[in-house]
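Quick notes on the structure that follows.
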């Protein structure tokens, strides 16, 4: 079988399951019990992260309910098999059939990956990112690169990215040289404003902050800071939102193709539906978490100084143009961003 034919068949499998799911009852039926399945899922989230339970844990529960116990997920915290960027390869090789990642980890595998991660300083509201990923086709552009490699990506939720720091910043001079945990295009974005960003895996983040190896981080926004106890050592929570971004599920395509039609339909439909529900839920919980941080943890909400924001604005335009040059699919993703930003009056 040629690679092109294989690619078409894989797309048909995924599309067929998604379309058929629309007309499928919530419970697939007792017939699924004839072929029980357990998948191990390697998360990039530590078990302490809220998304480990509220995102991945809920998916596991709903999938098991929908299949009347026939499809179970065994959830692995960051580092149990792999962590960070290494998760892509363990899923691609079939060591585990499923994982969660930040799309920033796969910028070398897919031209448009950074557009799924989120271009800092561009889209401002969660619904804009949801629309770009699902309705305007940015997620599909990433899968044009990943599917031939045996992997399929599905966005898990849209979430804001905001920084927490151990120091109060009042000018660009204060920001200069700060060691901030970051990833993907955000590394270039923060560096353009004078910081010294560096990647630190989630499983090592608290230790790096508490020991003073780094001065701050972004791990989502308020929910991430709260669930990872970052506010214990970083009392300054910075606005505005640096970017709307996503987390994502990645699936080994051979494992997906090996499922029965009902099992495959249950898995893909559960993930797709949960994306929209979780994204909305997350915005609500962000507001609650930040209020609790201020009231209970002594957190101070601070706006980035105007001179830092000016540097970041210049960096945003540069990053968008640089990412657009990565190839045809990256250029298409950039056009989606530009069109949406123009329609919203941002440019």
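The values are calculated or read from the model by the stated rules, or taken from the named source; none is laboratory data. Please read all numbers here as calculations on a predicted model, not as lab measurements. Please note: Cβ atoms are built from the backbone with ideal geometry, for glycine as well, and neighbour counts cover all protein chains shown.
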> From the list 112, 78, 70, 132, which one is assigned by TED's automatic domain parsing to the domain that holds residue 253, over 17 Å from the mean Cα position of the chain (by Cα) and crowded, with 22+ Cβ neighbours inside 10 Å?
Replying inline: 70
> Taking into account only those residues within region 310-320 that are surrounded by fewer than 16 Cβ atoms within 10 Å (Cβ to Cβ) and either modelled with pLDDT of 95 or more or over 24 Å from the mean Cα position of the chain (by Cα) (or both), which is farthest from residue 169 (Cα to Cα)?
Replying inline: 314
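Look through 90, 151 and report the one residue that is without any contact (Cβ under 8 Å) to a residue 60 or more places away in the chain and outside the structural domain of residue 192 (by TED's automatic domain parsing).
90
Per-residue answers, yes or no, for (1) more than 24 Å from residue 282 (Cα to Cα); (2) touching a strand residue (DSSP E or B) at 6+ places or on another chain (Cβ under 7 Å); (3) outside any loop (DSSP other than H, G, I, E, B):
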| position | (1), (2), (3) |
| --- | --- |
| 53 | no, no, yes |
| 56 | no, yes, yes |
| 60 | no, yes, yes |
| 69 | yes, no, no |
| 75 | no, yes, yes |
| 90 | yes, yes, yes |
| 94 | yes, yes, no |
> Got a sec? Which of 123, 190, 146, 141 is closer than 26 Å to residue 253 by Cβ and either in contact with a strand residue (DSSP E or B) (Cβ under 7 Å, 6 or more places away or on another chain) or assigned to a loop (DSSP other than H, G, I, E, B) (or both)?
Replying inline: 146
> Residue check: is residue 291 at negative phi, more than 19 Å from the chain's Cα centre (by Cα) and without any contact (Cβ under 8 Å) to a residue 12 or more places away in the chain?
Replying inline: yes
> When you go through 274, 265, 329, 278 one by one, which is the residue that is surrounded by 15 or more Cβ atoms within 10 Å (Cβ to Cβ), part of a helix (DSSP H, G or I), outside the structural domain of residue 64 (by TED's automatic domain parsing) and touching a helix residue (DSSP H, G or I) at 6+ places or on another chain (Cβ under 9 Å)?
Replying inline: 329
> When region 177-197 is examined, which residues are found to be at pLDDT 95 or above and surrounded by fewer than 17 Cβ atoms within 10 Å (Cβ to Cβ)?
Replying inline: 177, 196
> Of all residues in region 193-204, which are closer than 16 Å to residue 229 by Cα and more than 17 Å from the chain's Cα centre (by Cα)?
Replying inline: 204
